[in-house]
Structure formats: structure tokens, C-alpha cells
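Heads up, the thing below is written out as C-alpha cells.
Derivation of every value follows stated rules applied to the coordinates shown; laboratory data play no part. As the structure is a computational prediction, the values presented were derived from the model and not from experiment. Because the Cβ atoms are built from the backbone with ideal geometry, glycine has one as well, and the counts that use them run over all protein chains shown.
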Amino acid sequence: MSTVIPATLIPGDGIGPEIVDATLAVLDALGAPFEWDRQLGGLAGVQAAGDPLPEATLASIRRTRLALKGPLETPSGGGYRSSNVRLREEFGLYANLRPARTLVPGGRFDDIDLVVVRENLEGLYIGHEHYVPIDGDPHAVAMATGINTRQGSRRLLEFAFETAVATGRKKVSIVHKANIMKALTGIFLETGLELYERKYKGKFELDTVIIDACAMKLVLNPWQFDMLVTTNLFGDILSDLVAGLVGGLGMAPGANIGADAAIFEAVHGSAPDIAGKGIANPTALMLAAALMLDHCKRPDLSARLRRAIDETLNIDKVRTGDLGGSAGTAAYAKALVSRLSGG
């Protein structure tokens with residue numbers, strides 16, 4: 001009998017509860033050993049507790065050190081910070097893992113199998129900003145401060161390199177802008193080169209690429225890349241670009257990994273325009289659950305889940321509307337459950 005694994009579950013906003021229910025049905029059919037502690041976040045958290053991340057939710061994650069969450073909507077106005085950024089900072093989730101793999105062949109790009117590893121806590125994206133007033137204009141000058149540290153860079157790069165070795169990646173590309181931001185991204189680049197020479201040389205090929213050239217190369221010939229590792233803001237942009245190569249954010253899972261906690265998510269938005277209609281694609285969250293199973297040392301279950309998704313999409317041809325099919329969220333989940341149950 002599998003050891004039970006306590007985990008926090010945050011359904012989120014908009015389509016979140018629908019795709020979470022579909023994912024739970026599939027995980028139950030898979031026999032996944034999670035014992036869920038359901039908590040609120042996003043707008044649901046504001047409505048219930050006056051906070052997008054209520055203390056009960058944070059306490060649950062501190063206890064389980066593991067969470068699966070749907071999309072969280074940050075309320076407009078009122079000084080609310082991004083719930084996702086708050087979660088990363090609260091739990092020190094320094095590594096963002098964003099795999100992208102072609103699931104439905106025949107698109108503009110085919111046979112894509114890429115991983116983006118993004119630093120999650122440093123750089124320009126952390127939002128250290130302020131205005132300087134001049135001549136009565138309170139917003140005359142806008143300033144932002146980016147901070148990258150040697151320790152933070154090394155920690156993220158070591159995670160990426162270890163992941164590359166463990167998963168058999170043949171090449172890792174460090175993406176940077178050290179030709180212009182010589183200090184801010186130069187420290188990341190030089191740390192990566194030093195770490196590779198000292199510890200990982202010969203285990204995989206390492207190359208370096210400037211961010212703008214990388215973006216161009218990804219849309220011209222994405223197959224030249226295997227794993228991309230980069231700083232926070234560049235990773236935020238490239239991970240969505242790479243998701244576009246495989247059909248969009250509805251096919252792209254995300255994992256946020258720290259030393260003491262890990263949170264897995266669908267990285268797309270809450271899509272309030274289709275909430276409640278039963279047509280949302282839950283694939284991204286299901287793939288995030290597969291990453292969660294990998295993290296919990298259950299590759300047997302994650303492999304079965306990914307295979308069931310592939311077979312449901314490409315053998316059974318059961319697909320949601322965004323993939324050219326006619327299945328709703330529940331029907332798609334039912335087809336996956338049937339696959340996992342041998343039916």
C-alpha cells in the first residue's frame with residue numbers, strides 16, 4: 001500500500017475549481033497517494049478572509065510542504081501583490097521548472113521537447129521600483145532595481161544542471177544579456193560557466209545565448225535547444241514563448257521548487273470569461289500533477305498519467321475545444337479515467 005502524502009490543494013479562481021475537480025478525478029483513478037487539505041486563495045481568499053493568501057492556506061503549505069493549485073486572480077487595486085510572487089517569496093521557491101512537450105502532433109511546430117528553468121526570486125522581476133518626482137510631476141522618473149546574487153544564481157544553476165543529468169538532457173543553454181547588463185546578468189553567466197567547469201563538464205553540453213537571439217532562434221529552429229536556464233524576467237518571457245510552441249498555456253505545467261516546499265500549478269490565468277461553462281482544458285494542471293508525482297518519487301505514476309493523456313488525445317481523439325475537439329472538461333476527464341482504469 002502506498003504511503004499517504006499530505007498535500008495542500010488550492011482550487012483557485014475562475015476555471016480553477018473545474019480543472020481541479022477534473023484533475024482530482026484522474027488522480028483518484030491513477031491511485032495517487034495524496035491526502036488533500038483544501039484551502040482558499042486568490043479572490044476566493046479575499047471573499048472569505050480578506051486576503052488572497054489567508055493564513056490558514058499558508059499554514060497548510062508550511063505543514064505539508066507540498067501544494068497543487070489552480071489559477072489565482074490578484075484583485076485589482078487595494079494594494080494587493082501577486083499571490084504567485086508572494087508564495088514564491090514566502091516559501092523560498094527559487095526554481096521555476098517549465099517543461100513543454102508536443103502532445104498533439106501536426107501543428108506549426110512538432111516534436112518539441114524543451115525545458116525552461118527560471119530563477120524565481122531575484123532579478124528585475126521582483127519589483128523593487130519607485131518614482132522620483134520632478135517639477136510637480138510625481139511620476140516624472142521611474143526606476144527599477146534588479147538584484148542577482150552569486151549564491152542565488154549558483155543555487156538555481158545547480159538545480160538546473162542536476163535536473164539535466166537526472167532526466168538525460170543532452171544540452172543546457174544559459175540565456176543572458178551580459179553584453180549589455182554586464183553585472184546583473186553577467187554574474188549569472190559567469191557563475192554558470194564556473195559551476196559547469198568545476199562539477200558538470202562532460203555530463204552534458206553547455207552553451208550560452210543572448211536573450212534576444214534566443215527568442216529568434218526558438219521560433220526559427222526550436223529543436224536546437226534542449227534545456228534553457230535563465231534569470232527571472234527572461235525566464236518569465238521565454239517560458240510562455242516555449243509554451244506557445246506546443247499549443248499554448250493550456251498545455252504547459254509549472255513547478256516552483258524550494259529547499260523546503262514545492263508548489264505545482266497550471267500557469268495560465270483564471271479565464272473568468274469561460275468559468276462555469278465546463279469547456280476549460282485541464283491538461284496543464286494534470287501535467288503539473290505529473291510533475292508533483294515526479295517530485296514525490298513516484299515516476300511510475302507520473303509516467304502512467306502522461307501516457308494516458310497522450311493516448312486520450314491521440315488514440316481516442318478526445319480533445320477540448322481549444323485543441324479542435326468537442327469534449328468538455330468533464331468528458332475529457334472521464335475519457336482519461338477510462339484509460340487509467342483499463343476501460
* Structure fact -> Note: the stretch 93-201 at 4 °C, 1.567 mPa s; Kirkwood Rh on alpha carbon pairs; Stokes-Einstein D in µm²/s works out to 79
* Once the convex hull of the C-alpha atoms of the stretch 1-90 is built, how many Å³ does it hold per residue, rounded to a whole number? -> 86
* Let me see the pair-distance distribution of the stretch 16-154: every alpha carbon pair, 5 Å bin width, integer percents in order. => 2, 7, 11, 14, 16, 17, 13, 10, 5, 2, 1, 1, 0, 0
* Radius of gyration and Dmax for the stretch 1-40's Cα atoms, expressed in Å? -> 10.8, 36
* Virtual paramagnetic centre 7 Å along Cα→Cβ of N314, amide N under 19 Å, in the stretch 84-107 -> 99-107
* Asked: What's the extension gain from D300 to R154 if we count 0.36 nm per residue and subtract their Cα-Cα distance?
  -> 49.5 nm
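With the cut-off at 1.5 for a/c, could you classify the stretch 11-61 from its C-alpha gyration tensor as rounded, prolate or oblate?
On the way: a/c = 4.64, a/b = 1.69, b/c = 2.74.
Oblate shape, in that a/c is at least 1.5 and b/c is the bigger or equal ratio.
Restricting to the chain, compute how many DSSP beta bridges are antiparallel as a %, nearest 5.
Numbers: 22 of 50 bridges.
Percentage antiparallel, nearest 5: 45.
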* To do: Please say if the stretch 190-269 is rounded, prolate or oblate, where rounded means a/c under 1.5 for a ≥ b ≥ c the square roots of the C-alpha gyration tensor eigenvalues, and otherwise the choice is prolate for a/b larger than b/c and oblate otherwise?
  => oblate
* Asked: Where the centroid of each part is defined by its Cα atoms, how far is the stretch 156-211 from the stretch 50-127 in Å?
  -> 22
* **Hull shadow area, averaged, the stretch 80-143 [alpha-carbon convex hull, nm²]** => 7.6
* Select from V141, A95, H130 the residue farthest towards the positive end of the dipole of the stretch 95-150; place +1 on Cβ of Lys and Arg, -1 on Cβ of Asp and Glu, and compute about the Cα centre. => A95
* **For a label point 7 Å along the Cα-to-beta-carbon line of A215, residues of the stretch 231-249 with backbone N under 14 Å** => 233-242
* How are the Cα pair distances of the stretch 208-343 distributed, in percent, across 5 Å bins from 0? -> 2, 9, 16, 19, 19, 17, 12, 6, 1, 0
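Find the Rg to Rh ratio for the stretch 251-310, where Rh is the Kirkwood radius over alpha-carbon pairs and Rg uses the same atoms.
Values: Rg = 12.9 Å, Rh = 12.5 Å.
Using Cα coordinates only, the ratio equals 1.04.
Report, in order of residue number, the helices in the chain meeting two criteria: a C-alpha extent of 24 Å or more along the helix axis, and a mean Kyte-Doolittle hydropathy of at least 1.6; treat each whole DSSP H run as one helix. Walk me through the numbers on the way to the answer.
Numbers: long enough: 150-167 (25 Å, -0.21).
Span-like helices in the chain: none at all.
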* Specify, per residue and in Å³, the volume enclosed by the convex hull of the alpha carbon atoms belonging to the stretch 53-101. => 108
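Please work out the Kirkwood hydrodynamic radius for the stretch 125-276, using every pair of different C-alpha atoms, and report it in angstroms with one decimal place.
For the stretch 125-276, inverting the mean 1/r across all distinct Cα pairs yields 17.6 Å.
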* Structure fact -> Note: E205 to A142 extended length (0.36 nm per residue) minus current alpha-carbon separation gives 18.6 nm
